[in-house]
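J.: One structure, as structure tokens, below. Some questions next.
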């Protein structure tokens, strides 16, 4: 089975790096750990295209009361030697338990991102919230619900068409992870983030991720994402759908 998966890895056409969506639990990986992802798409002939993506993540888990992790991801692409992708993303999160069984925790987070082709020069946000572990079972997996809020500042490329935004948003999400077998796991996360003073202005994100263990610390990850922004910048489509496959190296 593993040999077949390795062959699939070597023949996969699209290799991308994505922010991992698997929920982080206190005590799951004590000490320092991390993940590296990298991807490359190259086409020559009838189609001329290059796409490069990479991400890195590092965690520290004190195995008793808190976890802190940070992640960075970047992507650049060209089609027929014309740039068509240029974006970056970084995220820092602190999770601290509020109960002995670690079912209830509080979270503090900060984020910085840019996306040239979604007209975003910079989006800076910071927030806090509570997360409750609804269930934790070897067979059924782990389920979480989170609720909080954040402040965001958005600077757009064209300030005349899209003035700077200063928003306070609700941050609500559902997260789930289950081990399907000894070598595979499935994760899902759903985010709903409306403005506190105008719920019609909201963003929704759905992500599902399948991770397969290949060799030692090497994994293959399939990810499907659907995002919806009810009020996107001028000239930008409301929703995005992405299907990706990536290599993951864990340490």
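J.: Is it fair to say residue 27 is out of contact with any strand residue (DSSP E or B) (no Cβ under 6 Å at 6 or more places or on another chain) and either over 22 Å from residue 174 (Cα atoms) or outside any strand (DSSP E or B) (or both)?
T.: Judged against the criteria, residue 27 is a match.
J.: Now, a different point. From 87, 102, grab the single residue that is in contact with a strand residue (DSSP E or B) (Cβ under 8 Å, 6 or more places away or on another chain) and at positive phi.
T.: Checking each option against the conditions leaves just 102.
J.: Give me a count of the residues in the stretch 108-128 that are crowded, with 17+ Cβ neighbours inside 10 Å, within 16 Å of the chain's Cα centre (by Cα) and more than 14 Å from residue 236 (Cα to Cα).
T.: Selection size over the stretch 108-128: 6.
Every residue, every condition in (1) at pLDDT 95 or above; (2) within 27 Å of residue 115 (Cβ to Cβ), yes or no:
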residue: 132; (1), (2): yes, no
residue: 139; (1), (2): no, no
residue: 145; (1), (2): yes, no
residue: 152; (1), (2): yes, yes
residue: 157; (1), (2): no, yes
residue: 162; (1), (2): no, yes
residue: 172; (1), (2): yes, yes
residue: 175; (1), (2): yes, yes
residue: 181; (1), (2): no, no
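J.: Within the stretch 77-107, work out how many residues are part of a loop (DSSP other than H, G, I, E, B) and buried (at least 17 other Cβ atoms within 10 Å of the Cβ).
T.: So the count comes out to 1.
J.: Please pick out the residue among 149, 141 that is surrounded by 14 or more Cβ atoms within 10 Å (Cβ to Cβ) and closer than 19 Å to residue 196 by Cα.
T.: Answer to the selection: 149.
J.: Considering only the stretch 156-175, I want to know if a residue exists there that is surrounded by 15 or more Cβ atoms within 10 Å (Cβ to Cβ), touching a residue at least 40 places away in the same chain (Cβ under 8 Å) and under 18 Å from residue 25 (Cα atoms).
T.: Among the residues of the stretch 156-175, at least one is surrounded by 15 or more Cβ atoms within 10 Å (Cβ to Cβ), touching a residue at least 40 places away in the same chain (Cβ under 8 Å) and under 18 Å from residue 25 (Cα atoms), which makes the answer yes.
The values are calculated or read from the model by the stated rules, or taken from the named source; none is laboratory data. Please read these numbers as outputs of a predicted model, since none were measured by experiment. Reconstructed Cβ throughout: ideal geometry from the backbone, glycine too, with neighbour counts over all protein chains shown.
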